[in-house]
Amino acid sequence: MDGVLVVAKSPGFTSQDVVAVVRRLTGTRRAGHGGTLDPFASGVLPVFLGLATRLVEYHMRDDKAYRATVCFGASTETDDRDGELVAGSGPPPTREALEAALAGFRGHIQQRPPAYSALKVGGRRAYQLARQGTPVELAPRAVTIVRLDLVDWDGSDPARPTAVLEVECGAGTYIRSLTRDLGERLGCGAYLGALVRTASGPFALAAAHPLDDIRRAAAEGPAALAELLLPVDAGLDGIPEAVLTDPEVTAAARGQQVKPAHRPVLEQGTRVRLVTEGGSLVGMGSWKGGRLVPEKIFVTAPPPAGSGGTGAASTDVAAGSIQSTEPRLRVLDRGNRMIVAAGLDGLRSDFGRIYVAVGVFDGLHRGHLYLLRELRRAARDAGARPTVITFDAHPEELIEGLAPPLLCDPDERLVRLQAAGIQVTVVQHFDHALRVTPYEAFVAAIRERVDLAGFVMTPDAAFGFERAGTAETLAALGAREGFSVTVVSSFLFNGEQVRSSEIRRRIASGDLSGARQLLGRAHGFSGRLASRDRLGEVPLNFELPIALPPTGRYQALVGPSWQLGRAAEPASIRAAATVEDGRVRLDMTTPPATDEVRVVLVGALADQAPAE
């Protein structure tokens with residue numbers, strides 16, 4: 001069951017409801033959809049199964065098409081029919097007035113998302129805040145309306161006319177916001193009465209399957225279900241192909257960059273589909289510096305000769321099991337006393353020679369630890385100190401206005417960096433001035449203060465304004481100014497590059513086992529207990545947004561939070577963690593020694609159904 005199932009969603013279902021039904025009918029654990037539809041809406045909802053889930057991200061920018069029923073003469077706080085009606089103050093529009101107003105909404109426009117939306121504000125969903133009576137004014141953002149046509153007009157009720165609009169738009173467009181803004185422009189108020197998504201990228205409503213048809217196919221057996229599936233890479237025809245020979249396929253499967261025999265004619269940085277000479281999909285990658293850089297691989301490389309192995313051992317924990325204590329942090333050098341510098345200005349000449357890796361290092365996952373190992377090697381060979389330059393805030397918080405949920409709080413990040421053998425960590429403030437700093441100026445700021453031996457980077461890494469500081473541009477700069485650039489291949493697990501965004505996605509979907517495989521440990525987070533004077537359902541307070549699984553109860557281990565300069569004690573107090581609406585409550589029989597605690601999630605409680 002690897003492929004894309006295009007579902008014709010009915011009103012009343014949430015998008016996750018549909019995914020849950022499809023997952024159950026197909027017996028496929030890995031499933032996700034390609035763009036949320038509101039519960040009252042219907043139409044195209046592509047559901048990606050098995051291997052296809054690893055390609056969802058390539059569809060998130062797909063254009064969409066809708067048929068929207070707009071009701072004039074009233075508005076609602078939700079901008080759709082589910083809210084309470086508030087009569088408009090102005091006269092209802094005529095058909096001619098509406099057609100004239102539509103012209104102002106075509107093309108590139110600024111649109112304010114609805115207050116009742118799933119966008120995050122300070123780690124909370126906007127609709128959660130709105131339901132609590134504290135809605136926020138979300139900032140307008142650029143969207144594109146490709147086509148906006150009036151196809152039907154009903155003026156039979158002069159006080160409440162309705163219109164049917166056909167809309168083609170870019171990703172991120174809210175039809176509820178378009179409806180609201182039309183009502184404001186016409187001075188009469190408007191809300192969305194019905195919505196049908198007629199296309200999502202290459203997937204059209206005519207080819208979509210109602211859930212009843214999928215249920216009938218499931219009753220007939222796996223073969224009938226498989227006939228409904230489109231191929232894993234369906235809809236990605238717009239991404240160019242790069243053809244690999246058999247030896248090149250093996251190299252790509254091992255995460256190695258490939259200088260292909262069939263050299264494609266592509267611009268630098270172009271994303272590509274990697275295929276065999278027979279046309280079979282190998283994976284996804286990018287064209288950089290005359291090489292193909294693998295990003296997601298769907299084939300398995302044969303084990304090296306004499307290895308006697310079949311691949312990496314799983315880090316999974318048996319279902320239903322719970323450790324009595326968290327494994328101790330592996331410390332590379334207990335004599336290491338890592339220096340923490342407050343920004344580049346904190347670098348000093350007496351630090352000696354340094355070899356640098358730049359990044360957020362959110363989570364210190366297996367890919368990060370691999371990069372840090374390569375950093376230690378490069379630093380050792382250059383007679384330098386392994387050094388990390390990280391940031392006090394995630395760049396996305398400034399760039400997109402929303403910080404992604406943390407996989408590792410700042411204090412724990414420093415502890416794990418020290419344990420990994422890093423001798424100097426620079427915590428640089430990330431603001432607009434830094435964002436627009438050219439990479440040459442960033443490097444110059446380091447070299448003015450300390451002896452820079454070089455940088456360690458993966459092929460897709462970059463920093464500086466517009467990410468112009470790539471491995472290639474830095475290597476050219478280093479050749480002129482006397483520092484090295486060591487490029488190491490990206491770390492792949494099961495053929496896929498380990499990314500923090502994928503770990504967050506797995507946690508958010510309830511796949512704690514899958515997140516554990518990429519993190520190299522069970523997911524945990526820190527917070528402050530609301531009280532230690534009582535036990536049972538004690539709330540945990542957070543200062544920063546953290547990655548949490550879906551609503552439910554989870555097996556957990558609790559211990560003291562980690563701080564640089566004191567021993568990182570494993571979490572060992574057994575607890576049940578209840579997650580609901582972005583909050584966590586701990587049910588413990590033994591009180592911890594401190595209010596500041598780490599909570600390690602082991603898995604869902606046995607009496608809880610798996611999160612959908």
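Tabulated results
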item: Long-range HN-HN contacts of V488 with modeled amide H, under 5 Å; result: M457, T458
item: Stokes-Einstein diffusion coefficient of region 339-493, Kirkwood radius over Cα pairs, 4 °C, 1.567 mPa s, in µm²/s; result: 83
item: Cα-based helix-to-principal-axis angle, 410-419 vs the chain, degrees rounded to 10; result: 40
item: Cα→Cβ-extended label distance, 7 Å offset, between D152 and A479, nm; result: 6.5
item: The chain: calculated mean residue ellipticity at 222 nm from DSSP helix runs of at least 4, using -39500 (n - 2.57); result: -6000 deg cm²/dmol
item: Local electrostatic count, G290, Cβ distance below 9 Å [Lys/Arg +1, Asp/Glu -1]; result: +4
item: Exposure proxy ranking, count of Cβ atoms within 10 Å, fewest first, for T390, T325; result: T325, T390
item: Rounded tilt (10° steps) of 211-220 against the dominant C-alpha axis of the chain; result: 70
item: Charge dipole magnitude, Cβ of K and R +1, D and E -1 - region 517-604, Cα centre, debye nearest 20; result: 180
item: Order of K9, K288 under a 10 Å beta carbon neighbour criterion, fewest first; result: K288, K9
item: Beta bridges by DSSP in the chain, antiparallel share as percent, to the nearest 5; result: 75
item: Listed residues G559, L474, V86: farthest to the positive end of the dipole of the chain (Cβ charges); result: G559
item: Within-15-Å neighbourhood charge of D79 [Cβ basis; K, R +1; D, E -1]; result: -2
item: Theoretical FRET efficiency, 1/(1+(r/R0)^6), r = Cβ-Cβ of T325 and S349, R0 45 Å, to 0.05; result: 0.55
item: Cβ-defined net charge surrounding A379, 10 Å radius [Lys, Arg +1; Asp, Glu -1]; result: +3
item: Burial ordering of D79, D2, fewest other beta-carbon atoms within 10 Å first; result: D2, D79
item: Reciprocal of mean inverse Cα separation for region 241-297 (Kirkwood radius, Å); result: 10.7
item: Contact order relative to length of region 405-558, as percent, for alpha carbon pairs under 8 angstrom and 6 or more apart; result: 23
item: Whole-Å semi-axes of the chain's equivalent ellipsoid (Cα gyration tensor); result: 43, 30, 28
item: Under 5 Å, built H, 5+ apart or other chain: amide partners of D233; result: none
item: For I389, distant residues with modelled amide H under 5 Å away; result: A357, V358, G359, V426
item: Two-site label geometry, A100 and T134: point separation in nm, points 7 Å out along Cα→Cβ; result: 4.4
item: Test item: Cα-centred dipole of region 140-227, Lys/Arg +1 and Asp/Glu -1 on Cβ, debye; result: 380
item: Estimated vicinal HN-Hα couplings, Hz - region 368-373 in sequence order (Karplus 6.51, -1.76, 1.60; Gly, Pro = x); result: 5, 5, 4, 5, 5, 4
item: Cα-based Kirkwood hydrodynamic radius, region 64-200, one decimal, Å; result: 15.2
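Rule-based calculations on the coordinates, nothing more; no lab input. All figures in this text were calculated on a predicted structure; none of them were measured in a lab. Cβ coordinates were reconstructed from backbone atoms using ideal geometry, including for glycine residues, and neighbour counts include every protein chain displayed.
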